[in-house]
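The values are calculated or read from the model by the stated rules, or taken from the named source; none is laboratory data. On a predicted model such as this, the values are computed, not experimentally measured, just so you know. Here the Cβ is made from the backbone with ideal geometry for all residues, glycine too, and neighbour counts use every protein chain on show. SASA here: full protein model, heavy atoms, side chains in, ligands and nucleic acids out. Shrake-Rupley method; radii C 1.70, N 1.55, O 1.52, S 1.80 Å.
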Amino acid sequence: AAARPKISACVVARNEERLIGRCLGSFADLVDEIVFVHDGECQDRTLEIAEEYGCRIFVRPLRGHADASKVFSFSQTRYEWILGVDADEFLSPGLRAHLHELVRDSDVNGYRFLWPFWDGHRYVSSPEKSWHKLQLYRREALHAVGNLHLTIDVDEPVVDVDYHLEHR
C-alpha cells in the first residue's frame with residue numbers, strides 16, 4: 001500500500017487555555033505536525049498546553065485577528081495537506097475515523113466539513129440547515145488572499161463531506 005500523504009495542522013489562537021486541549025487532542029495523534037501560532041504575548045497556559053501536544057510554536061506580534069496569522073501558519077507547514085482548525089473547533093469521531101482516507105484521494109484538492117451551529121447549549125442546526133466549511137486542503141492547491149479578512153480558495157476539485165468539524 002502507498003504511504004499516506006502527510007498532514008500539517010494549523011492552529012491560530014490567543015489565550016485559549018480553556019479550549020485548546022480539546023482542540024489539539026482531537027487530531028494530534030492523526031497529523032504529522034502542528035503549526036501553532038499565538039497572536040501576541042500569551043497571558044495564560046495556552047502555550048504550555050500546545051507544548052504538551054508537541055506543537056511547533058510561533059508567537060507573533062498582536063494583531064487581534066486570527067486571519068492575520070493564518071497565512072503565516074500556512075507558510076510554516078512542511079507537508080502535502082493542511083488541516084486548518086480554530087481553537088474552539090475539534091474533530092468529531094467520524095471525521096477522526098476518515099481523515100486519513102480523505103487525504104489518500106489523489107483526485108481531490110480540498111474538503112469542506114459539515115459545520116453545525118451551536119447556541120451554547122445544543123446544536124440548533126441539522127445537516128440540511130448547516131453549511132460546509134473548507135478546512136482541509138492540498139498545500140499546492142491553496143490560495144490565501146487578504147490579511148485581516150482572509151479568503152481561502154483551493155483549486156478544484158473541492159468536495160463537501162458530511163463529517164462534522166465541531167464548533168463550540
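Mind listing whichever residues of region 134-158 are modelled with pLDDT of 95 or more, open to solvent by less than 60 Å² (accessible area, probe 1.4 Å) and farther than 15 Å from Leu83 by Cβ? Once the filter is applied, which keeps residues that are modelled with pLDDT of 95 or more, open to solvent by less than 60 Å² (accessible area, probe 1.4 Å) and farther than 15 Å from Leu83 by Cβ, region 134-158 yields only Pro157.
When you check Ala2 against the structure, is it closer than 24 Å to His164 by Cβ and either open to solvent by 10 Å² or more (accessible area, probe 1.4 Å) or not in a helix (DSSP H, G or I) (or both), yes or no? Against the criterion (closer than 24 Å to His164 by Cβ and either open to solvent by 10 Å² or more (accessible area, probe 1.4 Å) or not in a helix (DSSP H, G or I) (or both)), Ala2 does not qualify. State whether one or more residues within region 107-121 are among the basic types (Lys, Arg), within 13 Å of the chain's Cα centre (by Cα) and modelled with pLDDT under 95. No.
Matching residues to (1) under 12 Å from Ala13 (Cβ atoms); (2) among the aromatic types (Phe, Trp, Tyr):
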| position | (1), (2) |
| --- | --- |
| Asp32 | no, no |
| Phe36 | yes, yes |
| Gly40 | yes, no |
| Cys55 | yes, no |
| Arg60 | yes, no |
| Arg63 | no, no |
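Note on region 5-25: among residues that are open to solvent by less than 10 Å² (accessible area, probe 1.4 Å) and of a type in the set (Gly, Ala, Ser), the one that is farthest from Leu99 (Cα to Cα) is Ala13.
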